[in-house]
1. Skipping prolines and chain starts, which residues have an amide H placed within reach, meaning under 5 Å, of the one on residue 163, given they are 5 or more residues away or on another chain?
2. Over region 7-229, what is the relative contact order in percent, taking alpha-carbon pairs closer than 8 angstrom and at least six residues apart?
3. Among DSSP beta bridges lying fully in region 7-229, give the percent that are antiparallel, nearest 5.
4. Can you tell me what the convex hull of the Cα atoms of region 235-461 projects to on average, as an area in nm²?
5. Any idea what the relative contact order of the chain is, in percent, if you count C-alpha pairs under 8 Å spaced at least 6 apart?
6. Past 24 Å, Cα to Cα: identify those pairs from 228/349; 30/228; 6/46; 35/349, in the order given.
7. Just for the chain, what percent of DSSP beta bridges are antiparallel, to the closest 5?
8. What list of ³J(HN,Hα) values in whole Hz, one per residue of region 87-96 in order, does the Karplus curve 6.51 cos²θ - 1.76 cosθ + 1.60 (θ = phi - 60°) give from phi, with Gly and Pro shown as x?
Amino acid sequence: MSAMAKTYAIILAAGKGERMQANVPKQFLKLAGRKVLEHTLCVFQKHARIDEIFLVINEESRLLVEEMLLSGDFPKVTKILGGGATRRESSLAGVRAVPEDNAYVLLHDSVRPFVSSRIIDDMLEALATFQAVDVAIPATDTIIEVDDRNRITNVPPRRYLRRGQTPQGFRADIIKRAHQLAAKETDVIATDDCGLVLRYGLCDIHVVPGEEKNIKITHSEDLFLADKLFQLNTVSMDPQIDLNRLLDRVVVIFGASQGIGAATAYMARAHGARVHGFSRTDNVDVADTEAVERALDKVVDQEGQVNHVVNTAAVLRHGRLLDRDMDDVRREIDINYLGSIHVARSAFKHLIPTKGSLALFTSSAFTRGRPLYSVYSSTKAAVVNLVQALAEESAPKHVRINAINPERTATPMRTRAFGQEDPNLLLTADAVAAATLRTLLSPFSGTVVDVRRNQDMPQEWIR
Ligand code: CTP
Ligand code: MG
């Protein structure tokens, strides 16, 4: 295959979603702040090896889709095509529009928003060798075959059974030919494109591993699962983001006297940022909304603007809720939760003119409450929830807000709570600082950014 072959993603979004029984086709339902279709488009838009995206839709949705594309977020969408009454017709509309016969074509269900860049990578790699590639996962249930009278006729061995997902990838000439042949027949009942290629025996079809989370949103129950999957969606920061972009930016850090805050301030300064750090040591307690406001106003007086704001201030107290002093509990909530609210409220008006960004801190405890840390873990869950909501509220103003989720990190706060621990098992404050600064510079908003030890994976932007 020549290195020149282009790659087209054809997103099938012309279905009616009858099984979902919603008032709009399921690809236009909103989950985690965006339409399902937008989430799906995002994955292909971001993938470096996708050249163009063709979107196959129902004419009735055209206005909705055009409005969606006005955001400018999906410049790779070069064609909007009318689909047909069946998936096969819709897929044919997409395939027919691919100009080159040697191109790679990936056909994908619009209602599989959790497709990962890893799956796309594997598929493209396989397409260098095979002319057709499917994505599938092992069957977990026993699959039985029945006849028209609902009697079992066969129980195929599970070892050979897979559940098909999408995308399905092809060399353009193969899939075009499969559709041409199918068009000549009257009753082809293949629900997918690999099925057609198999029917006409056009080539071997290779299978690459899919993922459990690459679900097809089909029934209303799937919406709950999808919502949860989005909630738990975390990203890892791209180490390619150049910290020198901080040069001359004004960065304000709350909780800057020690730990992650201090490391972030130091690193930002080292990359040329104009850093203003505040902490309780200089009488800026994030629990005090006026103190936070005054601190930011002072920076704006001095610098004329603010580009980025970080709040690392938090306390971690130990003990069974019933055993704890209520004033102490309130204090923990005031610092960890209200503190984030105070910083966000005061920072927003300053971040609007600079189209700036804000980073708050959560903890891995946000996904599930931890015994003996009930207050801490619930405030950290609240911070994630807050970030999700604020990201949507601030999107029209182009202000970004994210939650940093570091693994166990070597900080004075941690040592106070847990005593001396093996440093090899802890993240360094510097690693967290670097991820925080990269997040501030990234286009992301509303995400939880995981920071892990040994983050040596090829930094895919996990969806
Ligand atoms: N699709 C399409 N054109 C069709 C039918 C389906 O583009 N005529 C697309 C759907 O939009 C979806 C994908 O194919 O992204 C998978 O199909 P399915 O889950 O069956 O979606 P719907 O057909 O919309 O749902 P239902 O079968 O419940 O009506
Ligand atoms: Mg269907």
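1. 137, 139
2. It comes to 25 percent, rounded to a whole number.
3. Bridges in region 7-229 are about 40 percent antiparallel.
4. 11.9
5. Value for the chain: 14 percent.
6. Result: 228/349; 35/349 exceed 24 Å.
7. Antiparallel bridges make up about 25 percent of those DSSP assigns within the chain.
8. Couplings: 4, 4, 5, 5, 5, 4, 4, x, 4, 4 Hz.
The values are calculated or read from the model by the stated rules, or taken from the named source; none is laboratory data. Keep in mind that what you see is a predicted model, and the values were worked out from it rather than measured. Heads up, the Cβs are rebuilt from the backbone with ideal geometry, glycines too, and the neighbour counts pull from every protein chain shown. Ligands, DNA and RNA are stripped out before the accessible areas are found, and what is left, the full protein with its side chains, is counted by its heavy atoms. Shrake-Rupley method; radii C 1.70, N 1.55, O 1.52, S 1.80 Å.
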